[in-house]
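The values are calculated or read from the model by the stated rules, or taken from the named source; none is laboratory data. No experiment lies behind these values; they were computed from the predicted model shown. So basically every Cβ, Gly included, is an ideal-geometry build from the backbone, and we count neighbours across all protein chains shown.
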């Protein structure tokens, strides 16, 4: 059987869902659901993912995720494994909890996040668990309506901004949008995306096919390749060495820039990047923010960063060993 299409790149957005093995329940209590959300929060912290939407159904779950680091596979391995270990220990069982690999659909978020979020938030209504989506406590819908306490790991502002620039008006418009979907058929585009693995405009799908699939389109017996640059995993010493060379060892932006490039061009976890640079995960995130702010206000620095990235890529291909101008 052909494996599901997997395309990963920095900034990609996905509809992710995973079902219980043989349709068995994956949540047997509220404690289970709370633990799963805890794992989701930890995944946000460890892998830098952005969680836009979630819905925990009795035997499956739905997520809309954004991956700034292009690391969906690593993050999902952590999420499903951590929850399975907990579930098996808690309920004294063994074996697979989930049915095969998780399913991920690459989405054109600006065009389809609204419709997809409505589809996910209405899952409990379509399954006749509740009559109204706000009656179901195990989805992100309450956060979109403003009736649930804000969670730092859940990002609602992007989808709401597609409705109105004013938060209160956006929440009202979103609620009306979701309610209007009750009793209506699931859009054909969402049904079709489950088969194709992509949800987007014709232009978006064409670009994805051109950039990521190439000559492998129509070959069902192999998994399609992911973004080429993600297969090249330049190591952190090399990135730091080149950053020192281009910017100068005493430049105050050397470490923040090296961290930002490490985050963009490798599939390493924030924790692993932090260990190399002797920083916490929050320290890594703060360094990236400082680097982005500096680049945004300095065209020369932005050009230098492009030069670093290019030199790192070339050095990696040639197998050049890093040399440091100063000790770290």
_Scope region 276-285; condition closer than 14 Å to residue 45 by Cβ and either in the same structural domain as residue 45 (by TED's automatic domain parsing) or part of a helix (DSSP H, G or I) (or both); matching residues_ = 281, 282, 283, 284, 285
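Of the residues that make up region 127-135, is at least one buried (at least 17 other Cβ atoms within 10 Å of the Cβ), out of contact with any helix residue (DSSP H, G or I) (no Cβ under 8 Å at 6 or more places or on another chain) and in contact (Cβ under 8 Å) with a residue 40 or more places away in the chain? Don't jump to the end; show me each part of the working.
As a first pass, look at region 127-135 and keep what is buried (at least 17 other Cβ atoms within 10 Å of the Cβ): 133-134.
Checking the rest, the ones that are also out of contact with any helix residue (DSSP H, G or I) (no Cβ under 8 Å at 6 or more places or on another chain) come to none.
No, region 127-135 contains no residue that is buried (at least 17 other Cβ atoms within 10 Å of the Cβ), out of contact with any helix residue (DSSP H, G or I) (no Cβ under 8 Å at 6 or more places or on another chain) and in contact (Cβ under 8 Å) with a residue 40 or more places away in the chain.
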*asked:* Looking only at region 253-275, filter to residues that are free of Cβ contacts under 8 Å to residues at least 60 places away in the same chain, under 20 Å from residue 43 (Cα atoms) and part of a helix (DSSP H, G or I); which one of those is farthest from the chain's Cα centre (by Cα)?
replied: 275
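Assess whether residue 182 counts as being surrounded by 15 or more Cβ atoms within 10 Å (Cβ to Cβ) and at pLDDT 85 or above. Show your work before the answer.
Working: surrounded by 15 or more Cβ atoms within 10 Å (Cβ to Cβ): no; at pLDDT 85 or above: yes.
No.
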*asked:* Kindly evaluate residue 149 against the criterion of being out of contact with any strand residue (DSSP E or B) (no Cβ under 7 Å at 6 or more places or on another chain), assigned by TED's automatic domain parsing to the domain that holds residue 49, closer than 27 Å to residue 202 by Cα and at pLDDT below 95.
replied: no
*State which residue is farthest from residue 32 (Cα to Cα) when the search covers only region 67-79 and only residues that are in contact (Cβ under 8 Å) with a residue 12 or more places away in the chain and surrounded by fewer than 20 Cβ atoms within 10 Å (Cβ to Cβ).*
68
*asked:* residue 34 - would you say it is without any contact (Cβ under 8 Å) to a residue 24 or more places away in the chain and either in contact with a strand residue (DSSP E or B) (Cβ under 7 Å, 6 or more places away or on another chain) or not in a strand (DSSP E or B) (or both)?
replied: yes
_Taking the criterion of being crowded, with 19+ Cβ neighbours inside 10 Å and either modelled with pLDDT of 95 or more or touching a strand residue (DSSP E or B) at 6+ places or on another chain (Cβ under 6 Å) (or both), would at least one residue in region 210-223 satisfy it?_
no
*Evaluate the following for residue 169: is it farther than 21 Å from residue 135 by Cβ, assigned by TED's automatic domain parsing to the domain that holds residue 64 and touching a helix residue (DSSP H, G or I) at 6+ places or on another chain (Cβ under 8 Å)?*
no
_Selection from region 63-112 of residues that are on the phi < 0 side of the Ramachandran plot and in a loop (DSSP other than H, G, I, E, B)_ = 68, 69, 71, 91, 93, 94, 96, 97, 99, 101, 102, 108
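Quick grid of which residues meet (1) under 17 Å from residue 107 (Cα atoms); (2) not in a helix (DSSP H, G or I):
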site: 124; (1), (2): no, no
site: 131; (1), (2): no, yes
site: 148; (1), (2): no, yes
site: 158; (1), (2): yes, no
site: 168; (1), (2): no, no
site: 174; (1), (2): no, no
site: 177; (1), (2): no, no
site: 186; (1), (2): yes, yes
site: 203; (1), (2): yes, no
